[in-house]
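As structure tokens, the structure follows; a few thoughts come after it.
The values are calculated or read from the model by the stated rules, or taken from the named source; none is laboratory data. Everything quoted here is computed from the prediction, not taken from an experiment. Methodologically, a virtual Cβ is constructed for each residue, glycine included, from the backbone with ideal geometry; neighbour enumeration extends over all protein chains shown. What goes into the accessible areas is simple: the full protein's heavy atoms, side chains included, and nothing from ligands, DNA or RNA. Shrake-Rupley method; radii C 1.70, N 1.55, O 1.52, S 1.80 Å.
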Amino acid sequence: MRTSFLNTTCLAAMTAAGLVGATPAFAQDADEGVGIGDIVVTAQRREETLQDAAIAIDAVTGNDLAEQGVTTADDIGKIVPSIAIVNGGGTGTSVFLRGVGNVTNNNYYDAAISSSYDGVVLGRASGAFTSAFYDLERVEVLKGPQGILYGRNATGGAVNIIPKKPELDRLGAGVNLSFGNYSAFGAEGYINAPLGQDAALRFSATRQSRDGFNRDGSDDLDRWAMRAQLLFEPTDRLSIRISGDYTAIGGIGAGSHYLGHFQGPNFIASGLDKNEGMYTDAANAYRQTVLGAPGFGFLNPMNRQQSTDWKGWGVHAEVKLDTGIGEVTFIPGYREGENTNYFFGPAFNTALFDETNDQFSAELRLAGSAGMIDYVVGGFYFDENVSGNNEFNQEFVLPMQDYVGGTKSVAAFGQLTANLSERLRLVGGLRYTHDKKFIDGQITNFITFCGPNAPPPVTPPASFGIGCQIPGNLPHYPNLTDPQAALNWLIAGGWISPSSTLTQLPPFYSVTSGVARILRSVNAPSDSGTFSKVTWKAGVEFDATPDNLLYATVETGYRAGGFQLAESYTNYDPETITAFTIGSKNRFLGNKLQLNVEAFLWKYKDQQINFFTISPDSVLVSATQNVGKSDIKGFDIDLVAKPMRNTTLSAKVQFLDTKYQGLILRTAPPRDNFNCPRSVDGTLADGVTPIFAFDCSGNSLLFSPKWTLNLGAEQVIPMSDNVDLVASVFTAWKDDQWGNFNYLDFQRIPANWTTGASLTFKDVDGGWSLGGYVNNIENNRHVSYPQASPIGFAVVRYTAPRTYGVRFTGDF
């Protein structure tokens with residue numbers, strides 16, 4: 001294994017060297033006056049150029065984001081091949097970076113990729129990855145654990161969203177308008193106004209809308225947001241910036257599709273195309289041909305359309321004071337989010353997220369130098385509360401959640417850089433994190449079983465024999481979030497006796513038709529605890545020349561354990577990662593060629609994953625558990641060339657080799673559709689139904705394609721002294737990859753190309769631009785997220801089809 005990895009890394013280095021050796025032929029024609037520009041980043045809590053940052057990082061400027069049509073975090077993967085952001089329904093967002101992440105079905109789970117907005121760490125992934133991208137300075141994606149400067153929940157990396165800040169000496173405004181197919185409309189604007197000599201105000205806003213890509217109207221866009229910032233610099237040593245923002249999201253939301261369903265081990269295709277969605281006559285007609293477990297009755301049409309109503313706002317400040325021992329930075333922030341979201345997801349009928357969350361955080365840092373030592377030391381405090389009243393209606397199963405939870409986290413950290421010489425530096429860092437978490441709530445399940453005289457589960461032949469498949473013989477639950485309301489509905493429909501109560505024991509209600517029984521299971525978890533961890537970093541940096549940096553690091557990361565609403569599985573442990581990285585950042589040929597190379601080996605332990613498992617008391621639950629170990633290794637090559645003054649070429653190649661060393665998944669019918677070797681590992685309480693242990697070791701991690709390739713080219717054609725024509729094309733190829741833990745055939749996402757292009761007239765001085773664009777020229781809607789539905793469907797979400805339009809920008 002190690003030899004293979006070293007050989008592959010050497011091959012990458014030789015390939016990079018070959019690219020460098022091939023460049024002089026075109027470099028001779030290059031205009032010596034113009035080279036590759038620099039991007040300034042703050043990923044290490046100090047300003048430095050991207051080329052001087054001895055870490056694995058991708059940074060994209062706000063202008064580049066706009067030109068490539070990146071208006072939300074979902075689209076970051078267009079330009080950062082290592083990251084995948086997926087949505088399987090509602091605002092439940094899952095983030096993966098090089099295979100590190102977790103498929104989540106509740107918003108109270110922590111993401112493995114830390115996200116921050118303008119320096120404020122965001123507790124919920126939906127806070128960053130549902131927000132609009134507008135008036136941004138840049139987006140930074142840090143690859144690999146960030147255990148020192150970012151701490152908890154940064155096992156896979158961090159994403160920093162950084163807005164443009166007020167300018168003291170500039171009165172100006174700008175606008176960005178776009179129109180496209182699917183009735184797409186985008187409007188973005190800002191005003192920057194000085195307030196005397198020492199203060200400035202910047203106000204920006206955006207409106208984004210688009211019809212859905214699917215026939216049922218789903219995969220639409222309905223978002224608006226605004227931001228106001230006040231900057232005050234009374235002296236050269238003190239800077240105070242106060243910011244407030246608000247975002248609202250509406251519309252139908254993310255759309256999924258019936259690929260087919262499973263009848264026993266057999267897969268039956270739906271016959272629907274990629275554009276159907278789930279809320280059309282054809283989709284509902286197909287749905288009614290499928291028998292749903294455990295009632296074994298034919299399913300009903302979807303009972304209502306999806307809808308999204310998400311609102312988030314926040315206020316924060318950034319205070320910087322230059323002292324005699326360094327610069328002090330203080331960032332306090334408060335944020336709130338409210339979400340009422342009906343969604344289908346994996347064929348629920350219909351699910352509801354009705355949730356709120358609020359958080360307060362504060363970070364205090366001191367950065368400076370003392371002799372040969374540069375230092376960053378600080379402390380961090382985080383206090384978050386979440387609550388929800390959710391339901392996941394599966395027609396014959398109605399789970400209802402009512403919960404509150406929270407986290408309090410404190411940390412102290414420090415990172416030192418010893419400048420042994422002008423060219424050689426040693427880096428070391430430590431962070432201590434202490435988390436206190438709790439959850440208190442109740443999950444109530446009403447479950448309809450077919451067969452009045454037998455405990456669950458009941459086999460389909462018995463179901464057919466007593467008529468469960470006949471319409472009207474089984475109750476199909478509506479959308480309800482209160483257990484008493486569900487009981488009242490059953491009584492009002494004549495399904496159970498009018499004398500039935502929630503306190504009735506045992507928790508079985510015989511259906512009056514004599515066809516089925518209804519089980520009420522109640523779990524009221526109340527759990528709390530603490531998690532603590534010391535994470536560390538060690539590294540060395542060497543400037544081979546002023547334009548050539550070599551670095552090597554070892555860094556650890558940690559995602560806190562937590563608590564959940566799951567029978568007998570109310571808690572799970574932290575996960576950890578250790579990352580070994582070697583890299584080189586280079587400029588050659590008079591700043592005409594940039595070549596960055598990184599090789600990495602990550603050791604991932606106790607990963608938190610969510611799947612349908614079996615509890616100790618033989619109840620099937622969706623729960624997060626810790627599983628085994630995994631190895632993640634590979635390399636990343638990033639090339640930018642400017643062979644001539646007006647020509648820019650780019651190429652980014654990533655190779656990944658990921659493998660689970662201990663992925664054992666335990667479950668029982670009807671959730672036992674894992675495509676991994678299985679063995680019997682006991683039986684349920686009935687003494688008959690087997691519990692299976694599925695050994696999925698050896699499989700690759702989710703969303704970790706072996707090869708990823710991004711290519712781009714830009715050509716500037718002078719049209720006059722004042723106007724240029726800019727032509728650009730970019731394309732991305734991703735190897736096939738797994739999209740869910742069942743490892744079923746339909747969950748392997750096929751390899752695919754996606755290409756876009758633009759043609760833009762620009763004012764040489766940057767005052768205006770007018771152009772056209774097209775994305776996904778191939779018009780290939782490939783799978784972005786596959787789900788094995790708990791009621792037997794194979795459900796997928798597809799990427800966007802071909803989109804095109806025009807854009808106008810102006811600065812005044």
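Stretched out fully, how many nm does the piece from E336 to L171 gain, at 0.36 nm a residue minus the Cα gap?
56.2 nm
Leaving ligands, DNA and RNA out of it, work out the accessible area of I252 with a 1.4 Å probe and give it in Å² to the nearest 10.
40 Å²
Could you report the chain's accessible area per residue, 1.4 Å probe, as an integer in Å²?
For the chain, the solvent-accessible area averages 39 Å² per residue.
At a probe size of 1.4 Å, how large is the accessible area of D74, to the nearest 10 Å²?
70 Å²
Using the scaling law 2.2 N^0.38 Å as the reference, what is the normalised Cα Rg of segment 227-278?
Rounded to two decimals, the normalised Rg is 2.63.
Under a plain spin-label model, where a point goes 7 Å from the Cα along Cα-to-Cβ, how far apart in nm are T503 and Q197?
Inter-label distance under the simple model: 7.7 nm.
How big is the gap, in Å, between the Cα center of segment 594-662 and the Cα center of segment 381-427?
So the two Cα centres are separated by 19 Å.
Over 12 Å, how big is the tail of the calculated P(r) for segment 631-675, in percent of all Cα pairs?
Summing the P(r) of segment 631-675 above 12 Å gives 76 percent of all pairs.
Mind checking the full-extension length gain between T731 and A282? Use 0.36 nm per residue of separation minus the Cα-Cα distance, one decimal, nm.
158.2 nm
So, with a 1.4 angstrom probe, what is the percent of accessible area on the chain that is carbon and sulfur?
The value for the chain is 58 percent carbon and sulfur by accessible area.
Compute the FRET efficiency between D482 and I664 as 1/(1 + (r/R0)^6), taking r as their Cβ-Cβ distance and R0 = 45 Å, and round to the nearest 0.05.
The pair D482/I664 has a calculated efficiency of 0.75.
Could you calculate the contour length gain from L364 to W536, that is, 0.36 nm times the residue separation minus the distance between their Cα atoms, to one decimal place in nm?
60.0 nm
So if a site counts as exposed when it's one of the GluC sites (Glu not before Pro), its DSSP state isn't H, G, I, E or B, and it has at most 11 other Cβ atoms within 10 Å, what's the longest stretch of the chain without one?
423-812
With each run of n ≥ 4 DSSP H residues scored as -39500 (n - 2.57), what mean residue ellipticity at 222 nm is computed for the chain after dividing by its residue count and rounding to the nearest 500 deg cm²/dmol?
Computed mean residue ellipticity for the chain: -2000 deg cm²/dmol.
Note the angle between two axes, namely the Cα long axis of helix 483-492 and the longest principal axis of the Cα atoms of the chain, as a number of degrees from 0 to 90, rounded to the nearest 10.
Taking Cα atoms only, the helix is inclined about 40 degrees.
Mind checking the alpha-carbon convex hull of segment 316-374 and giving the volume per residue in Å³?
Expressed per residue, the convex hull around the Cα atoms of segment 316-374 is 95 Å³.
Let me check something: with ligands and nucleic acids excluded, how do R241, R797 order by accessible area (1.4 Å probe), largest to smallest?
Per-residue accessible area, sorted high to low, gives R797, R241.
Just the accessible area for I55, please: 1.4 Å probe, Å², rounded to the nearest 10?
Roll a 1.4 Å probe over it and I55 shows about 20 Å².
For the full complex of protein chains and a 1.4 angstrom probe, list H476, H316 by accessible area with the highest value first.
Most to least solvent-accessible, the answer reads H476, H316.
What do you reckon, how do H257, H434 stack up by accessible area (1.4 Å probe), largest on top?
So the residues, ranked largest to smallest area, are H434, H257.
Pull up the cross-link candidates among the aspartates and glutamates for K762, meaning alpha carbon to alpha carbon under 13 Å and not fewer than 8 places away within one chain.
E67, D721, D724, D811
Given the pairs K274/K652; K320/K408; K143/K274; K629/K652; K652/K706, which are separated by over 23 angstrom at their Cα positions?
Over 23 Å Cα-Cα: K274/K652; K320/K408; K143/K274; K629/K652.
Given the Cα atoms of the chain, and with Rh set as the inverse mean 1/r over their pairs in the Kirkwood sense, what is Rg to Rh to two decimals?
Rounded to two decimals, Rg/Rh equals 0.98.
Return an integer: the convex hull volume of the alpha-carbon atoms of segment 664-812, in Å³ per residue.
Value for segment 664-812: 147 Å³ per residue.
PRE reach from L424 (point 7 Å along Cα→Cβ): which of segment 563-594 fall under 15 Å by backbone N?
Label zone hits: none.
Going toward the positive end of the dipole of segment 692-779, with +1 on Lys and Arg Cβ and -1 on Asp and Glu Cβ, which of N710, V723, G771 do you reach last?
N710
With r defined as the distance between the Cβ atoms of I325 and L770 and R0 fixed at 56 Å, what FRET efficiency is calculated, to the nearest 0.05?
Using R0 = 56 Å, I get an efficiency of 0.65.
Taking K642 as the anchor, which aspartates and glutamates have their alpha carbon closer than 15 Å to its alpha carbon, excluding any fewer than eight residues away along the same chain?
D29, D31, E32, D38, E714
Once you place label points 7 Å from the Cα toward the Cβ at T49 and D745, how far apart are they in nm?
Between T49 and D745, the simple spin-label model gives 5.3 nm.
What is the angle, in °, between the Cα long axis of helix 2-22 and the longest principal axis of the Cα atoms in the chain? Nearest 10 is fine, range 0 to 90.
Rounded to the nearest ten degrees, it is 40.
Could you compute the FRET efficiency for A492 and S526, with r as their C-beta to C-beta distance and R0 at 30 Å, rounded to 0.05?
0.40
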